[in-house]
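Below is one structure, written out as structure tokens, with a few remarks after it.
A short reminder: the numbers here are calculations on the coordinates, not readings from a lab. Note that this is a predicted model, so its numbers are computed, not measured. Note that we place each Cβ from the backbone using ideal geometry, even for glycine, and neighbour counts take in every protein chain shown.
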Amino acid sequence: MDEIAALLAVLAAIFFALAATLWQRASLAVGVEAGDSRAFARLLTNTVWLLGLAAQILAVVLQAAALDRGRVAIIQPLLVTTVIWALPLGYFLTQQTITQRHILGAAIIVAGLATFASVGDPAGGIDNAPTSDWLMAFIVLGAVCAGLLLFARRGGAGAKAAVFGTTAGMLYGVSATLMKPVVEELHAEGAAGVLESWELWVMAVTGIVGFYLQQISLATGRLVTSVATVSVTNPVVSVLLGVLVLQERLDQPPAWHAVLAVGGLALALLGAVLVASASDHEQEADATSGPAPMPAGVT
């Protein structure tokens, strides 16, 4: 694995976590709810929300730099560490509760990703694929996203955070995977060639829609649930697209490396699910005793 690419991916995860935390802080202050477009519009002038936007832009730049140096199937799973960074940031910025279950889940994520990063070494892979291959993948993912959104308004705040977060993560996964051919096109053809490619515009649209859905997920107040679902779904979709569309494989010899790498990734995703479920359980319990106080000094 390219160590610089891995470092860039982890730095991107830190700034993704910071962006999500700042966005949630601003959303709670403004009172954004699902379907409330006027409240969402007020976020555009909120200083804290704009700082989150700056952090998100920096994270995307770092992610693009990492993908420029490494394969999608390796770089994207490292973004699961976003869940870990969100824990202390949520504690200090939005008074999120951290339990032993959160700490255990974070430790499992670290162990799983350490294993994955140590032995994961993708073989093969292409920089882009035929449009027909992309189109088939988009149809399937679009149907799944539509099905999720049909159930978005059912259930409590935790369920909404998970559904909107999962859908946002899927769209982010598509956007991130397309970032690979866009960057390669930029190297080969320059800015003019990139502007003429459909990959750039689909990457932008899926990223923007995912960004909007993430705002709704964060507005539920379930920071870690939202971050965990986004951070898990994003790399899962990216790895699937990397394998099925970009033909990336974790099949470098010896063969047991691939088995261990997949096992490490599965362990990391299990840790993220554990963190998300811990947050949802804790905050549902808090809800029975009344609404959580707003952080002091929120603007």
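List of remarks:
- ³J(HN,Hα), Karplus 6.51/-1.76/1.60, whole Hz, each residue of the range 232-240, x for Gly, Pro: 7, 5, 3, x, 4, 5, 4, 5, 4
- Net dipole in debye of the range 3-287 [+1 Lys, Arg Cβ; -1 Asp, Glu Cβ; about Cα centre; nearest 20]: 780
- For residue 110 and residue 256, a Förster radius of 25 Å and the Cβ-Cβ distance give a FRET efficiency of 0.70, rounded to the nearest 0.05.
- Angle of helix 82-94 to the longest C-alpha principal axis of the chain, folded into 0 to 90 degrees and rounded to 10: 20°.
- Calculated [θ] (222 nm, deg cm²/dmol) that DSSP helices of n ≥ 4 give over the chain, each run adding -39,500 (n - 2.57): -26500 deg cm²/dmol
- Legend: ranking of residues 170, 136 from fewest to most surrounding C-beta atoms inside 10 Å; resulting order 136, 170.
- Judged by the mean number of other Cβ atoms found within 10 Å, the most tightly packed of the peptides 42-50, 254-262 leads the ranking 42-50, 254-262.
- Charge dipole (the range 3-287, unit charges on Cβ, about Cα centre) - positive-most of 97, 200, 119: 97
- Degrees, to the nearest 10: 131-150 long Cα axis against longest axis of the chain: 20
- Neighbour counting of Cβ atoms within 10 Å sorts the residues 160, 180, fewest neighbours leading, into 160, 180.
- Residue ranges 53-62, 137-146, 266-275 sort as 266-275, 53-62, 137-146 when ordered by packing (mean number of other C-beta atoms within 10 Å per residue, highest first).
- Positive minus negative residues near residue 195 (Lys, Arg vs Asp, Glu; Cβ under 14 Å): -4
- The angle separating the long axis of helix 3-30 from the principal Cα axis of greatest extent in the chain is about 30 degrees.
- Remark on residue 248: its backbone amide H falls under 5 Å from those of 126, 243, a criterion applied only to residues 5 or more positions apart or on other chains, H modelled at 1.01 Å from N.
- FRET efficiency for the pair residue 202 and residue 100, taken as 1/(1 + (r/R0)^6) with r the Cβ-Cβ distance and R0 = 35 Å, rounds to 0.25.
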